[in-house]
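Following: one structure in structure tokens, then a few remarks.
The values are calculated or read from the model by the stated rules, or taken from the named source; none is laboratory data. Note that the structure is a prediction, hence the values are computed from the model and not measured. Positions of Cβ are generated from backbone atoms using ideal geometry, with glycine treated the same way; all protein chains shown enter the neighbour counts. Ligands, DNA and RNA are excluded from the accessible area calculation, which covers all protein heavy atoms including side chains. Shrake-Rupley method; radii C 1.70, N 1.55, O 1.52, S 1.80 Å.
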Protein chains: 2
Amino acid sequence: MSDMTAQFAEIVGADHLLSGDAVPEDYSHDEELTQSPVQPAYVAKPATAEEVAQLLKAASEHQVPVTARGSGSGLSGAARPQPGGLLISFERMNKVLEVDTTNQVAVVQPGITLNELDAATDAYGLRYMVYPGELSASVGGNVGTNAGGMRAVKYGVSRHNVLGLQAVLPTGQIIRTGGKIAKVSTGYDLTQLIVGSEGTLALATEVIVKLYPRLDHSATVVAPFADFDQVMTAVPAVLAAGLAPYILEYIDNLTMAAIIHTQNLELGIPDRIRDSCAAYLVVGLENRTSDRLDEDVERTGELLAELGAVDAYVLEGGSARRLIEAREKAFWTAKAIGADDIIDTVVPRSAMPKFLSTVRGLASAAGGGVAGCGHAGDGNVHLAILLKDPVARKQLMTDIFALAMELGGAISGEHGLGRAKTPYYLKLEDPAKVALMRRIKESFDPAGILNPGVVFGE
Amino acid sequence: MSDMTAQFAEIVGADHLLSGDAVPEDYSHDEELTQSPVQPAYVAKPATAEEVAQLLKAASEHQVPVTARGSGSGLSGAARPQPGGLLISFERMNKVLEVDTTNQVAVVQPGITLNELDAATDAYGLRYMVYPGELSASVGGNVGTNAGGMRAVKYGVSRHNVLGLQAVLPTGQIIRTGGKIAKVSTGYDLTQLIVGSEGTLALATEVIVKLYPRLDHSATVVAPFADFDQVMTAVPAVLAAGLAPYILEYIDNLTMAAIIHTQNLELGIPDRIRDSCAAYLVVGLENRTSDRLDEDVERTGELLAELGAVDAYVLEGGSARRLIEAREKAFWTAKAIGADDIIDTVVPRSAMPKFLSTVRGLASAAGGGVAGCGHAGDGNVHLAILLKDPVARKQLMTDIFALAMELGGAISGEHGLGRAKTPYYLKLEDPAKVALMRRIKESFDPAGILNPGVVFGE
Ligand SMILES: Cc1cc2nc3c(=O)[nH]c(=O)nc-3n(C[C@H](O)[C@H](O)[C@H](O)COP(=O)(O)OP(=O)(O)OC[C@H]3O[C@@H](n4cnc5c(N)ncnc54)[C@H](O)[C@@H]3O)c2cc1C
Ligand SMILES: Cc1cc2nc3c(=O)[nH]c(=O)nc-3n(C[C@H](O)[C@H](O)[C@H](O)COP(=O)(O)OP(=O)(O)OC[C@H]3O[C@@H](n4cnc5c(N)ncnc54)[C@H](O)[C@@H]3O)c2cc1C
């Protein structure tokens, strides 16, 4: 047993420290498609913030790279460990510490999954609204990636739903940021700096999340459009109408066909229409009363017709749920149809038509293709990249990201840079900004142990 | 003419550089009550980001302290210049660069006032929802303080409404952060780090702000309560009911009496009730349709009665507007009645009853008094402190802030620390956090020129 193994085992208890061949394969990767798995030298499963602090302190002293892991459902490779490194898995820190109905917040440990948190808040009629497609994801992972998901168009992303943290600095200090409060102007906002930092600045050991009332009445409207640009121009119009949809997704024809096929969906849309349409808009509506919901559904149908939809289908309970679940699983569908990579670029909503048509042109010029869907209300375009040749693909993706940035967008809207997208980022981002972020990184992590490679490259 | 005067004049043009006795008194303070004014050595009025960059570069080189100023309406002393320092006034950078209706954002220069921006967006049926009581405040000042205001309960504070910046680093580098996008997971969130940093990290030279549709129908309900705690417990109940008020304020009896008196208000509330009640809840409602508004008003009235309100008065257009305006001017009322200091502490909503009753006890034990109102929906309590003796007052305020922090809150919910509250902050905050913030500060501002004294003390 090496010195470090003994030291880490001493901290978390021998039962909660794995090393060498005892480390299961699952810890060597997340769900990102292109990175090769890397076995960590150690996997520690701490139970308390104090244990995390001691682990980080020891790792800092001995220059052991540390990667935090929630559920490993990330799509950027950010939870892939470093060779010779320590993986801190938060699976044992998975408790709801408090559901506070007066302040409408929950205080949770980072390893709790979204499914578990949803079950724990249900009895109170409340809900944590961050809703990435993968409900086995953890709240700590949401903090790491600033996860979004379908409901972000109404409720915001993780950033807007995380009010405070207990966090451990790489030096082993434990701090608290924010609180059960909606706003604060007292020093720098460390909560928001840590959210989205992909485990490179500090590790969250407690998270205060916002809860919202569960509204009793909801409906889903699906509208096929013959023309791609019309879908895109419909998006801001639906938002401007003040209908406050809680879901506003587009799904292109190819992706919808694959979803219908792989998930065995029956939407009641005639084949004739499905064959002739270019893309679909999915609008989720919710309200406190069924009367208001009915009115909103009707108004949405009229509006979509005005905006050029071929038709609008109101899905009933079961089929609505199945469509949303199928949409959540679009990543698995993309993987199944052989996607070579995926992206989740964000652009201003107004730039979506231009972005998508240019990208399709770039892809076919490179001899490949793209298909996808996206959180249209957020300008967040998810595309499967179909292009086998790695060199050509790298060039295509560079061109796509450069285009997104030129249009005022960014490489990732919600998945993060991780290990997979960092090289593009370093190539395309303003060096003054990268240098500033590197100085910020050093102000948290002077020894450089937290997730080296992510955001700043090797 | 000194060397520095010549150098700064060269950058902005001699017409836009004031120095020595030519500096008007107004530049020597903001609206904070306790700080002595300080004349800056220079006032520069740049017209472009490039000019700001050159000013900061020159100031960094020559170790001249720099304070940014919007409209000087701040309540923390953060815009009070340093002796021998340079004040950069953004008054000439006050243009709307773009109102983008598709993305529902405006791109503005920082010196624009909220009144001016409101006028510019009105024609589009859109609105910037940050609404501190003082509409002569600038958007750049909002960025500096992370300003809140009455509408924050529904629309969030500046942090939630600023999507991107062009900002100048103290080294003279110009960067762009965020964009016309609702979300982004691409590197650290520099926008959110700069928002609320009170001019200590970087200066904003362009701001992308979120706009929302102006809803056509609104109403204001005022409910007197005989018991203080009842008002406080009503707050979370109103929010939990899903009525989504855009204003949710409490006003204590003394403050309401002063407001009614100084602003000559007529609310139609009988004297008998006014005399017997402890505080008022003010609920602003708005909707897309008048039917829905009427329903919500009725439901609110019923709910307030259930929660123990003595009565509920629906104010018509003119008197509603006058009450809201009077509430906005509560600071001037506090000043007029001789407040010795003011605070804008934030606590979890559930802690408001305990906080307020304890504070009243502390104040009277110290031989003084407190009166106030607040953004109750945010747990943001504004109090005028009435206690002449400076030593006793300092102790009282330390006790109040310590109590707020113990209850899970913070010193300031929206005004910032500035020069006035920084000493309390340094006394009460976890030193590990202050040290981390200081390192972050150094990563932006190695020469330490930006607003020295603010956040970190002299
Ligand atoms: C089918 C599918 C659909 C998806 N749909 C969406 C979607 O719609 N929107 C979306 O945003 N994402 C989506 N994702 C991606 C993923 O679910 C999210 O990124 C999620 O936030 C990851 O959570 P996790 O617990 O699996 O994190 P992990 O993958 O384990 O880690 C993610 C990052 O967080 C860091 N981290 C983990 N725990 C902590 C901690 N305690 N403190 C600090 N950092 C920590 C890690 O180091 C890593 O950088 C999807 C994934 C799949 C497989
Ligand atoms: C009657 C009254 C009522 C008020 N009500 C509220 C309220 O309800 N809610 C609330 O939040 N505030 C309120 N305030 C306080 C004030 O209006 C806000 O703090 C506002 O944001 C200040 O804007 P300003 O332009 O006057 O900023 P200033 O006072 O000029 O500056 C404030 C801070 O911002 C910095 N700053 C200015 N411009 C820039 C820039 N371009 N880049 C970076 N930093 C910059 C300054 O250095 C300083 O630190 C009120 C004030 C008054 C007088």
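Summarising the overall dimensions of the protein assembly as shown from its C-alpha atoms, the Rg and Dmax are 27.5, 83 angstrom.
Contact-buried residues of the range A:87-112, at a threshold of 40 Å² lost accessible area versus the chain by itself: A:Thr102, A:Asn103, A:Gln104 (1.4 Å probe; DNA, RNA and ligands ignored). Which of the three applies to the range B:217-334, rounded, prolate or oblate, going by the alpha-carbon gyration tensor with a ≥ b ≥ c and a/c under 1.5 meaning rounded? Because a/c hits 1.5 or more and a/b fails to exceed b/c, the range B:217-334 counts as oblate. Against chain B, whose longest principal axis is taken from its Cα atoms, helix B:390-406 shows a tilt of about 80°.
Are there any trypsin sites (Lys or Arg not before Pro) in the range A:17-124 that are in a DSSP loop and have at most 16 other Cβ atoms within 10 Å? List them by number.
Numbers: sites: A:Lys57, A:Arg69, A:Arg92, A:Lys95; in loops: A:Arg92, A:Lys95.
Passing both the DSSP loop test and the Cβ count: A:Arg92, A:Lys95.
The trypsin sites (Lys or Arg not before Pro) of the range A:368-458 meeting both criteria, a DSSP state outside H, G, I, E and B (loop) and at most 10 other C-beta atoms within 10 angstrom of the site's C-beta, are A:Lys388. Heavy-atom accessible surface of the range B:64-188, averaged per residue, reaches 27 Å², computed with a 1.4 Å probe.
With one equal scatterer per alpha carbon and no solvent term, the Debye-computed log10 I(q)/I(0) for the range A:96-213 at 0.19 1/Å reads -0.96. The mean number of partner chain beta-carbon atoms within 10 angstrom of a residue's beta-carbon across peptide B:198-204 is 1.
Split the accessible area of the protein assembly as shown by element, probe 1.4 Å, and carbon with sulfur accounts for 49%. Looking at the square roots a ≥ b ≥ c of the eigenvalues of the Cα gyration tensor of the range B:25-79, which shape do they give, rounded for a/c under 1.5, prolate if a/b is larger than b/c, or oblate? Since a/c reaches 1.5 and a/b is larger than b/c, the shape of the range B:25-79 is classed as prolate. Partner shielding of A:430-443 amounts to 5, given as the average count of beta-carbon atoms from other chains within 10 Å of each residue beta-carbon. With bins 10 Å wide starting at 0, give me the P(r) of the range B:167-271 over every alpha carbon pair, in whole percents. Whole-percent P(r) values from 0 Å outward: 10, 26, 20, 23, 18, 3, 0. Reducing the range A:336-382 and the range B:72-124 to their Cα centroids gives an inter-centroid distance of 36 Å. Antiparallel versus total DSSP beta bridges in chain A: what percent is that, nearest 5? The answer is about 85 percent antiparallel. Measure nothing but the geometry: give the 0 to 90° angle between the long axis through the Cα atoms of A:290-306 and the longest principal axis through the Cα atoms of chain A, rounded to 10°. Helix A:290-306 and the main axis of chain A meet at about 70 degrees. Please give the residues from the range B:310-356 for which the solvent-accessible area of heavy atoms, probe 1.4 Å, is smaller by at least 10 Å² with all protein chains in place than with the chain isolated. Those residues are B:Val346, B:Pro348, B:Arg349, B:Ser350. Does anyone have the angle between helix B:317-328 and the longest principal axis of chain B? Alpha-carbon axes, 0 to 90°, nearest 10? It works out to around 50 degrees. With contributions of -39500 (n - 2.57) from each DSSP H run of at least four residues, the per-residue ellipticity at 222 nm computed over chain B stands at -11000 deg cm²/dmol. Across all Cα atoms of the range B:324-458, the radius of gyration (one decimal) and Dmax (whole number) stand at 15.8, 46 Å. The equivalent ellipsoid that matches the C-alpha gyration tensor of chain B spans semi-axes of 38, 26, 19 angstrom, in descending order. Annotation for the range A:188-283: GluC sites (Glu not before Pro) lying in DSSP loop with at most 16 further Cβ atoms inside 10 Å of their Cβ are A:Glu266. From the alpha carbon centroid of the range B:14-40 to that of the range A:230-306 is 57 Å. Taking a point 7 Å from the Cα of B:Thr101 along the Cα-to-Cβ direction, the residues of the range A:333-358 with backbone N closer than 20 Å to it are A:348-354. Interface between chains B and A: roughly 6000 Å² of accessible area buried, both sides summed (probe 1.4 Å, protein heavy atoms only). For the range B:221-375, the solvent-accessible area with a 1.4 angstrom probe is 38 square angstrom per residue. The three principal axes of the C-alpha atoms in the range B:61-135 carry coordinate ranges of 45, 28, 17 Å, sorted with the longest axis first.
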